[in-house]
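Encoded as structure tokens, the structure appears first; notes follow it.
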Amino acid sequence: LSLIKPPDPYQCRICERPSLVMKAGPGCETCPAYQETHYFPRSMGPDAADIVVIGDVAQEPPDRKIERELERGASAHEAFTDDGSIVLQRAIDDAINRFLGAKAGVSVKYIYAIRCAADNPNKAVMSSCQGPMLSDLSRVNSERQRVGKTGKLVIIACGTMALRSLGVHVTSFEDAAGHVFDTTLGDVPVAIIPTLSLAALAAASGKYSSV
């Protein structure tokens, strides 16, 4: 097997497991990205987060990474470990430390808008994954309320796909860059801040001024 090119998804020894083969449930079966895609069921970070990052779409893992996951006994693909996600995490950590201080205790949760590593996902794919994403956001809001956190939830949206999944309809990232979108998701007041997609962050390290 190549150490660079991802293996064919249906050969993935993680995604073939009985607990993952149906992905998020029966509703996934009608999604165009249901078959032959790697599936990332998990988010990353605490539910009572101060900031939520919505990654646009999970990135295909190279087979070297899959082998390491299997060696560690991972029960599913590990979320937000691709190059773009690492760039973003470092940028957010740097911004928090620079403007608020290392002891500010600001917590961040990372959620995928699209949990399958699909190439160029279309509107049907975004629609299929919107329910699980909104469910995650609802759980974040409930946990924030439980621990007494008030005020708008700050969401960093990676690229136009993440923005559209959140109901912010823009034709290009340039239309959104530099803006903050105040809206509600269900009954949750949120402030949405656009940044580059995960793939764009991997290709253009340093261009995360909106974070």
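Worth a mention:
- Ranked by solvent-accessible area (1.4 Å probe, protein heavy atoms only, all chains present), the residues R90, R115 order from largest to smallest as R90, R115.
- Atom-type composition of the exposed protein surface of the chain places 51 percent of the accessible area on carbon and sulfur (1.4 angstrom probe).
- Among T183, T171, T160, the residue with the largest mean-square fluctuation in a Gaussian network model of the chain, with springs joining Cα atoms closer than 10 Å, is T171.
- Centroid-to-centroid, using Cα positions, segment 26-53 and segment 188-205 are 17 Å apart.
- Phi-derived couplings, Karplus 6.51 cos²θ - 1.76 cosθ + 1.60 at θ = phi - 60°, listed residue by residue for segment 179-196: 9, 10, 9, 8, 7, 10, 10, x, 10, 9, x, 9, 10, 9, 10, x, 9, 5 Hz, with x used for Gly and Pro.
- Given charges at beta-carbon only (K, R positive; D, E negative), |dipole| of segment 63-120 in Debye: 340
- Between S75 and V147, the modelled labels are 2.2 nm apart [label points 7 Å from Cα along Cα→Cβ].
- Options (1) 55; (2) 50; (3) 46 - which one matches percent of Cα pairs over 23 Å apart as calculated here: (3)
- Between N122 and F99, full extension at 0.36 nm per residue minus the direct alpha carbon distance yields a gain of 4.6 nm.
- Sorted largest first by accessible area at a 1.4 angstrom probe radius, with every protein chain in place, the residues K152, K109, K23 fall in the order K152, K23, K109.
- Taking every protein chain into account, the accessible area of the chain amounts to 51 square angstrom per residue (probe 1.4 Å).
- Accessible area of T150 in the full protein assembly, 1.4 Å probe (Å², nearest 10): 120
- Using the Cβ-Cβ distance between R68 and D187 with R0 set to 45 Å, the FRET efficiency from 1/(1 + (r/R0)^6) comes to roughly 0.65.
The values are calculated or read from the model by the stated rules, or taken from the named source; none is laboratory data. Since we're looking at a predicted model, the values are computed, not measured. Cβ: placed from backbone, ideal geometry, glycine included. Neighbour counts: every protein chain shown. To get the accessible areas, we keep the full protein, side chains included, count just its heavy atoms, and leave off ligands, DNA and RNA. Shrake-Rupley method; radii C 1.70, N 1.55, O 1.52, S 1.80 Å.
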